Every structure is written in C-alpha cells, then in structure tokens.
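Enquirer: Dropping a structure here in structure tokens format, bear with me for questions.
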Amino acid sequence: MQITKATYLISSPSVDKCPQPDRPEYAFIGRSNVGKSSLINMLCNNAKLAKTSAAPGKTQLINHYEIFSSSPRSARGKEKGVTWYLVDLPGYGYAKRSQQQRKQWSRMIEDYLRKRKNLLNIFVLIDARHEPQKIDLEFIDDLGEWQLPFTIVFTKADKEKPGAVERNVKLFFDKMKENWEFLPPYFVTSAVSKKGKEEVLDFIEDCNKAAKE
Ligand code: GTP
Ligand code: MG
C-alpha cells in the first residue's frame, strides 16, 4: 500500500470534538519523545506533517491526519483509493507535567481510546534502545483491561545494533508473558532508515480491508 496524500485535519481536546468517526482510524501512542510524530511522518513521506521535537511533550492534543492510499495489491488492473485517519497523541511519562496535567492527559486518552468507535488499532511505541519500562507495561495492561486491539512498534532501531534491539524485544515480551496469555503483533522501525514502513502500512491495509468485510 502507498500513501498518496496526507493532510493535517484538526487537533481536538476531547473525543467528542474529534471528526465524524466515518472511516478507519489508527492511533499512535507511547512515551513522550519515543518517536510517534516522526513515525507518522515517515509513513506519510512528509517530514513536516506532524510536528516533532528533540524536547519531549511536543504533542498535546488529539491530532487527526486524513490519509488517502492506494493499493496495487488489491486492485484488479485498476488502483483503488481508500481514505482513513492517522492520529498522533501526546505521550505519557513527560516529567515536566504537573499532577493535574497528568490526570487531564489520562482522562483525555482513556476517553478517546475507549469511546472512539472507528479506532481499529492502537500502535504502542516502545523505544528499542531500552530494556522493558514499567510505564509502558502498565499502559499495555490498561489496554488489556479495556479490551482494545493494539500492536507494538519498537522505534529508533537505527540507534542500536540489531542484536541489542532483538534482545530488548525479547525482554519486553518476556515481561509481557507474566500477565498476558497471547502476545500482540509487533514491528521494528526507524524514522531515519525507514525500516518497518512497508510492514506497518501492509498491516493497516489488512485492517482497512477486514473492516470493509
Ligand atoms: P512527543 O510528541 O513529545 O510525545 O514526542 P514524539 O513521540 O512525537 O517524538 P518525536 O517524533 O517528536 O521524536 C522525538 C525525537 O526523537 C526527535 O528528535 C526525533 O528526531 C527523534 N527520533 C524519532 N524517531 C527516530 C528514529 O527512528 N531514529 C532516530 N535516530 N531518531 C528518532
Ligand atoms: Mg509528538
């Protein structure tokens, strides 16, 4: 699948202010600075689409991007266009946030994730350079409790040797196994080398198709 057009649509402070839930939607979440906005830009071939920053806490609201894609795979002869939403969310674990701001964040995110009818998958981003972090495992446990579909994306793979990434992935799933009977699909990505781009886009394509059936 190829993204043919990606445009910023709207930033919303709450789920009821989000655009009509009339097409498939995919959200990106994870620790502040893990690379959510960069991954969205990488997938959309547009470095300027979602605002990124070396300082954590850049993304504050629920940001919708309208995506148009075509998939030669599915078309018999002719390419068929499809439209869906990508959503960039503010990260968790940003140290400079007050208790009050954290509570506000939790409420906004939980509300959005649990109430958004067209949300087909949540991509939970984990920094591939680190060993399993409690904050990520706890967030994933929340998703389990809410029975929401998710996949894991290990980011910034270019910053580590492949062996170290593999080790961190294994350690992460070993930790998850303590609480989880089944493990989710996962991807290893880099916004710099574009590693994982096709895999993530193919996954989205499959979800889009499944939603239509
Ligand atoms: P918040 O919106 O603050 O929660 O952050 P975010 O998760 O959206 O992270 P963002 O995409 O802004 O990236 C944070 C920093 O990491 C930036 O300096 C990016 O250039 C860098 N970065 C993101 N992804 C990658 C990657 O795959 N490889 C490398 N080397 N750097 C990355
Ligand atoms: Mg961001």
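The values are calculated or read from the model by the stated rules, or taken from the named source; none is laboratory data. All values reported here derive from a predicted model rather than from experimental measurement. We place every Cβ from the backbone using ideal geometry, glycine too, and count neighbours over all the protein chains shown. These area figures cover heavy atoms from the full protein model, side chains too; ligands, DNA and RNA do not enter into them. Shrake-Rupley method; radii C 1.70, N 1.55, O 1.52, S 1.80 Å.
Enquirer: Report every pair of residues separated by at least 6 positions or lying on different chains whose Cβ atoms are under 8 Å apart, first residue within region 174-187 and at pLDDT below 95, second among the aliphatic types (A, V, I, L, M).
Expert: That search, which allows pairs on different chains as well, returns N179/L137.
Enquirer: Being within 7 Å of ligand 1 (Cβ to nearest atom) and not charged (D, E, K, R) is the filter here; which residues of region 12-49 pass it?
Expert: G30, S32, N33, V34, G35, S37, S38, L39 - these are the residues of region 12-49 that are within 7 Å of ligand 1 (Cβ to nearest atom) and not charged (D, E, K, R).
Enquirer: For region 34-47, which residues satisfy the criterion of being surrounded by fewer than 22 Cβ atoms within 10 Å (Cβ to Cβ), in contact (Cβ under 8 Å) with a residue 12 or more places away in the chain and in a loop (DSSP other than H, G, I, E, B)?
Expert: Once the filter is applied, which keeps residues that are surrounded by fewer than 22 Cβ atoms within 10 Å (Cβ to Cβ), in contact (Cβ under 8 Å) with a residue 12 or more places away in the chain and in a loop (DSSP other than H, G, I, E, B), region 34-47 yields N45, N46.
Enquirer: Filter region 111-137 down to the residues that are over 28 Å from K170 (Cα atoms) and either open to solvent by 40 Å² or more (accessible area, probe 1.4 Å) or in a loop (DSSP other than H, G, I, E, B) (or both) and list them by number.
Expert: D111, R114, K115, R116, K117, N118
Enquirer: Quick one: what pairs do we get from region 121-134, first residue farther than 16 Å from I29 by Cα, second open to solvent by less than 70 Å² (accessible area, probe 1.4 Å) and within 14 Å of ligand 2 (Cβ to nearest atom), C-beta under 8 Å, 6+ apart or different chains?
Expert: Close Cβ pairs (under 8 Å, with a partner that is open to solvent by less than 70 Å² (accessible area, probe 1.4 Å) and within 14 Å of ligand 2 (Cβ to nearest atom)) amount to R129/K156.
Enquirer: Let me ask something else about it. Can you pull out every residue in region 151-160 that is more than 16 Å from ligand 2 (Cβ to nearest atom) and either closer than 19 Å to W180 by Cα or in a strand (DSSP E or B) (or both)?
Expert: Residues satisfying the conditions are T151, I152, F154.
Enquirer: Give me a count of the residues in region 177-193 that are part of a loop (DSSP other than H, G, I, E, B) and open to solvent by 100 Å² or more (accessible area, probe 1.4 Å).
Expert: 5
Enquirer: Surrounded by fewer than 19 Cβ atoms within 10 Å (Cβ to Cβ) and over 19 Å from the mean Cα position of the chain (by Cα) - does that describe any residue in region 18-30?
Expert: yes
Enquirer: OK, next. If you take the residues in region 51-75 that are aliphatic (A, V, I, L, M) and touching a residue at least 40 places away in the same chain (Cβ under 8 Å), which one is farthest from ligand 2 (Cβ to nearest atom)?
Expert: Taking the candidates together, the pick is I67.
Enquirer: So, in region 51-78, of the ones that are at pLDDT 90 or above and of a type in the set (A, V, I, L, M), which residue ends up farthest from ligand 1 (Cβ to nearest atom)?
Expert: Of everything passing the filter in region 51-78, I67 is farthest from ligand 1 (Cβ to nearest atom).
Enquirer: Within region 141-150, does at least one residue satisfy the condition of being of a type in the set (D, E), farther than 23 Å from Y112 by Cβ, at pLDDT 95 or above and not in a strand (DSSP E or B)?
Expert: The answer is no; no qualifying residue exists.
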